[in-house]
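Asks: Questions regarding the structure given below will be posed in turn.
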C-alpha cells in the first residue's frame, strides 16, 4: 500500500535555460543551469522536463518538403483538411488512427498513448533554417530511455538520487483544453496503488489508482506555460509518494478495458 509522506510540494523553474539545438546534452544543460542559479539538487528531487527540448536535442525535426504522402495520408487529409504531408508524418508516428474529422486527427502513438496529431508540433520549434514554416518536431523516439539517460548523468554529477519526468501537453476525452501529462519516466511511479488504504472514516479504498506522474506533470506544466515563458525544466520537491522505478506504459489503459474507443 502506498501512503502519502509529504504535505508540501515545491516547484522551482529553471529560468536561465538556453535555447536547445540538435546534439545538445540536456543533462549537462540542466547541471549548468542549476549551478548558474545557485540551485542545489537534493535526494528525491524530481526533474520535470518538457518534451520539446528533448526532441530538439535528439534532432526530431522533419521538413514537410521531404515527405511524400501515400494514399492513406491523402485520404485522411481529405477528411481533416490537413496538409497530406503532415498527415503522413502523423501516420509514420502512429499505430492507428482512432478518430478523424475536420481539423482533427486522434491517433494511438507508437509509444502507446492516445493523442492528437501523434504529438507533432510546430510551435516554439525555432529551427535554424530557411524552411521554418515547413519544419515540424516529433516526440522523442523513446522517452523512457531519454529520461533514464538524463537521470543517470545528473545523479553521477551531483551524487544525489533523483528522478526524471518528461512531459507533453495533451488533450483529454470529454474535456476542453490541454494539460501536462507524463510521456517518459525514470525513477518515479506512473501509477500509485492506494487500494487498501483507509479514508478519513476508516473505510478501505477498493479501486483507487492515482496517476501520480500525470498529476505532477500537470502541476509543473502550470509553471512551464505554453507560449513564451521560457521555463522548460522544473525541479519538484516533496512528491508525496514513495519513489520507485516506473515506466510510462503503466499509465496506459489496456485496450480491453478502454470504453472510449
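The values are calculated or read from the model by the stated rules, or taken from the named source; none is laboratory data. On a predicted model such as this, the values are computed, not experimentally measured, just so you know. As a convention, Cβ positions derive from the backbone with ideal geometry for all residues, glycine included, and neighbour counts pool all protein chains shown.
Asks: Report those strands (runs of 3 or more DSSP E) wholly inside the stretch 106-195 carrying at least 2 residues which are crowded, with 16+ Cβ neighbours inside 10 Å and in contact (Cβ under 8 Å) with a residue 60 or more places away in the chain. Spell out how you get there, then give the answer.
Replies: Numbers: elements: 114-116, 135-137, 163-172, 175-186.
Correct list: 135-137, 163-172, 175-186.
Asks: Might you let me know whether the stretch 227-236 holds any residue that is crowded, with 16+ Cβ neighbours inside 10 Å and over 19 Å from the mean Cα position of the chain (by Cα)?
Replies: Checked the stretch 227-236: no residue is crowded, with 16+ Cβ neighbours inside 10 Å and over 19 Å from the mean Cα position of the chain (by Cα).
Residue by residue, here is whether (1) within 30 Å of residue 147 (Cβ to Cβ); (2) surrounded by fewer than 20 Cβ atoms within 10 Å (Cβ to Cβ); (3) free of Cβ contacts under 8 Å to residues at least 24 places away in the same chain holds:
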| position | (1), (2), (3) |
| --- | --- |
| 46 | yes, no, no |
| 52 | yes, no, no |
| 61 | yes, yes, no |
| 66 | yes, yes, yes |
| 80 | no, no, no |
| 87 | yes, no, yes |
| 95 | yes, yes, yes |
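Asks: Does residue 216 fit the bill of being surrounded by 13 or more Cβ atoms within 10 Å (Cβ to Cβ), in contact (Cβ under 8 Å) with a residue 60 or more places away in the chain and in a helix (DSSP H, G or I)? Working first, answer last.
Replies: Details: surrounded by 13 or more Cβ atoms within 10 Å (Cβ to Cβ): yes; in contact (Cβ under 8 Å) with a residue 60 or more places away in the chain: yes; in a helix (DSSP H, G or I): yes.
Considered against the rule, which asks whether it is surrounded by 13 or more Cβ atoms within 10 Å (Cβ to Cβ), in contact (Cβ under 8 Å) with a residue 60 or more places away in the chain and in a helix (DSSP H, G or I), residue 216 comes out as yes.
Asks: Against the condition in contact with a helix residue (DSSP H, G or I) (Cβ under 7 Å, 6 or more places away or on another chain), closer than 12 Å to residue 48 by Cβ and not assigned by TED's automatic domain parsing to the domain that holds residue 117, how does residue 166 come out, does it pass? First the steps, then the outcome.
Replies: On the way: in contact with a helix residue (DSSP H, G or I) (Cβ under 7 Å, 6 or more places away or on another chain): yes; closer than 12 Å to residue 48 by Cβ: yes; not assigned by TED's automatic domain parsing to the domain that holds residue 117: yes.
Spelling it out, residue 166 is indeed in contact with a helix residue (DSSP H, G or I) (Cβ under 7 Å, 6 or more places away or on another chain), closer than 12 Å to residue 48 by Cβ and not assigned by TED's automatic domain parsing to the domain that holds residue 117.
Asks: I want to confirm something. Restricting to the stretch 7-24 and keeping residues that are part of a loop (DSSP other than H, G, I, E, B) and over 25 Å from residue 58 (Cβ atoms), which single residue is modelled with the highest pLDDT?
Replies: Taking the stretch 7-24 and keeping what is part of a loop (DSSP other than H, G, I, E, B), we get 7-9, 14-24.
Going one step further and asking which of them are over 25 Å from residue 58 (Cβ atoms), we end up with 7-9.
Numbers: 7: 75, 8: 87, 9: 91.
Per the criteria, the residue is 9.
Asks: Now a separate question. For the stretch 81-107, give me each residue that is in contact with a helix residue (DSSP H, G or I) (Cβ under 6 Å, 6 or more places away or on another chain) and closer than 16 Å to residue 69 by Cα.
Replies: Of everything in the stretch 81-107, those that are in contact with a helix residue (DSSP H, G or I) (Cβ under 6 Å, 6 or more places away or on another chain) and closer than 16 Å to residue 69 by Cα turn out to be 84, 85, 87, 88, 90, 91, 93, 94, 105.
Asks: Picking from 79, 47, which residue would you name as being part of a helix (DSSP H, G or I) and modelled with pLDDT of 95 or more?
Replies: Details: 47 fails: part of a helix (DSSP H, G or I).
The unique qualifying residue is 79.
Asks: Conditions first: (1) within 25 Å of residue 40 (Cβ to Cβ); (2) surrounded by 14 or more Cβ atoms within 10 Å (Cβ to Cβ). Residue 210 passes all but one, so which condition is the exception?
Replies: Evaluating residue 210 over (1) within 25 Å of residue 40 (Cβ to Cβ); (2) surrounded by 14 or more Cβ atoms within 10 Å (Cβ to Cβ) leaves (1) as the failure.
Asks: Can you pull out every residue in the stretch 29-44 that is touching a strand residue (DSSP E or B) at 6+ places or on another chain (Cβ under 9 Å) and surrounded by fewer than 24 Cβ atoms within 10 Å (Cβ to Cβ)? So that I can check it myself, show each step before the final result.
Replies: Keep residues of the stretch 29-44 that are touching a strand residue (DSSP E or B) at 6+ places or on another chain (Cβ under 9 Å), which gives 29-30, 33-34, 37, 39, 41-42, 44.
Across the stretch 29-44, the qualifying residues are 29, 33, 34, 37, 39, 41, 42, 44.
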